[in-house]
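Derivation of every value follows stated rules applied to the coordinates shown; laboratory data play no part. The structure displayed is predicted, hence computed values, not measured ones. Reconstructed Cβ throughout: ideal geometry from the backbone, glycine too, with neighbour counts over all protein chains shown.
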Amino acid sequence: MAPLFLAFTLLPFVELYLLIRIGSVAGTLNTVLFVVLMGIVGAALAKSQGRKVLQEWREALAAGRVPEEGVLGGILVLAGGLLLITPGVVTDVLGFFCLLPSTRRMLAGSLQRYLAGQVARGTAQVHSYGFEWPPRPPQAAPGPRHRASPFDRPRVSGDVIDTEGEEIK
């Protein structure tokens with residue numbers, strides 16, 4: 001939590017400082033044009049790399065094999081696009097690292113090793129919204145005044161999940 005807090009509080013100050021320094025050397029108009037150009041280039045690069053990763057996933061899945069880049073490559077493309085659209089020098093450099101295929105593979109490999117280490121140590125945490133694993137212990141059946149809703153939790157009993165359904169013809 002602390003590194004994320006520091007990144008969101010210190011990074012804007014670092015970005016502002018660098019933009020002011022670049023503006024004093026290159027001029028205000030050139031600095032603003034640079035920031036706008038990086039946003040446009042970043043959006044175009046994120047779009048092309050995102051399509052490329054998606055196409056590689058489709059081809060691999062159609063061939064019955066696991067995509068080479070995996071999910072982390074797609075996440076890095078998304079993160080790189082967001083970083084390049086964000087104005088600033090540091091975020092642009094980080095965004096290009098996430099979008100260029102060679103550095104993206106290197107980052108994905110490092111991130112995969114880090115996550116594998118977290119899982120091996122048992123310190124990895126997964127937070128999800130709407131789904132829960134392992135499921136909570138069984139709850140008491142709803143009272144007679146409760147109407148069944150599609151959002152009710154299924155009643156869990158051992159390895160059997162009891163659900164209610166309706167056949168639609």
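Assign one of three labels to segment 7-121, namely rounded, prolate or oblate, based on the Cα gyration tensor with a ≥ b ≥ c the square roots of its eigenvalues; rounded applies when a/c is under 1.5, prolate when it is not and a/b is larger than b/c, and oblate otherwise. Oblate shape, in that a/c is at least 1.5 and b/c is the bigger or equal ratio.
Cβ-to-Cβ counts within 10 Å put R113, R104 in ascending order as R113, R104, the fewest first. In plain terms, the residue of T123, T103 with the fewest other Cβ atoms within 10 Å comes first and the most crowded comes last, giving T123, T103.
Cα gyration tensor of segment 73-113, axes a ≥ b ≥ c as square roots of the eigenvalues: rounded (a/c below 1.5), prolate (a/b > b/c) or oblate? Prolate. Could you please state, rounded to a whole Å, how far the C-alpha centre of segment 97-114 is from the C-alpha centre of segment 60-78? If you average the Cα positions of each part, the centres end up 13 Å apart.
Using DSSP to define loop residues, name the trypsin sites (Lys or Arg not before Pro) in segment 1-97 whose beta-carbon has at most 14 other beta-carbon atoms within 10 Å. Working shown, then result.
Working: sites: R21, K47, R51, K52, R58, R65; in loops: R65.
Within segment 1-97, the qualifying trypsin sites (Lys or Arg not before Pro) (loop, at most 14 other Cβ atoms within 10 Å) are R65.
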